[in-house]
Amino acid sequence: MPKSRLSAFISLLLVFLSGALVGAVAHRLYMVNSVTAVRPGQPKGPHMSPEEFRKRQVEEMRQKVGLDDQQIAQYNAILDSTRQEFEQVRDKFNNEGRRIHDQQVEKVNAILRPDQRPLYEKWRAEREAERKRREQDRKK
């Protein structure tokens with residue numbers, strides 16, 4: 001091989017290899033999995049129960065803030081009160097949402113022909129069953 005053909009071949013080979021290297025590095029960076037931090041003592045599952053969370057929170061307040069037994073009792077009363085308020089707001093929100101949803105169903109039924117209404121009810125029942133199934137899966 002003449003010198004010019006050899007240098008052209010080596011140059012092409014180096015360009016090809018450098019492209020492959022850059023592609024491999026880019027692929028590795030793109031495909032890297034994200035990492036989630038887990039603190040010591042924290043459960044490794046996706047969520048802890050509200051009772052577990054509260055117990056851990058009270059214990060942290062005792063250790064890090066230095067609450068005594070009387071303050072712990074007062075803190076627990078505050079948490080109970082706050083939970084009740086959140087439940088009231090959630091119930092009000094759910095009731096209002098149900099009312100709006102019922103209005104939507106009435107409006108949709110008003111535009112449907114009589115032969116379409118049973119199909120709509122069947123479709124709604126299927127969606128409700130699917131929603132309940134997903135909710136059960138989340139609780140597991």
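Brief remarks on what is shown
- Residue within region 32-52 that is at pLDDT 90 or above, surrounded by 10 or more Cβ atoms within 10 Å (Cβ to Cβ) and not small (G, A, S) present: yes
- Flag for D91 being part of a helix (DSSP H, G or I), farther than 21 Å from M48 by Cβ and not aromatic (F, W, Y): yes
- In region 53-88, the residues that are outside any helix (DSSP H, G or I) and acidic (D, E): D68
- Beta carbons closer than 6 Å, at least 6 apart along the sequence or on distinct chains, pair a first residue in region 86-115 that is in the same structural domain as E128 (by TED's automatic domain parsing) with a second that is hydroxyl-bearing (S, T, Y) and surrounded by 10 or more Cβ atoms within 10 Å (Cβ to Cβ) for L112/Y120.
- Region 94-136 - residue that is of a type in the set (D, E) and over 30 Å from P50 (Cα atoms) and, of those, farthest from the chain's Cα centre (by Cα): D115
- Within region 68-117, the set of residues being closer than 22 Å to E128 by Cβ and in contact with a Lys or Arg (Cβ under 7 Å, 6 or more places away or on another chain) comprises N109 only.
The values are calculated or read from the model by the stated rules, or taken from the named source; none is laboratory data. All figures in this text were calculated on a predicted structure; none of them were measured in a lab. Please note: Cβ atoms are built from the backbone with ideal geometry, for glycine as well, and neighbour counts cover all protein chains shown.
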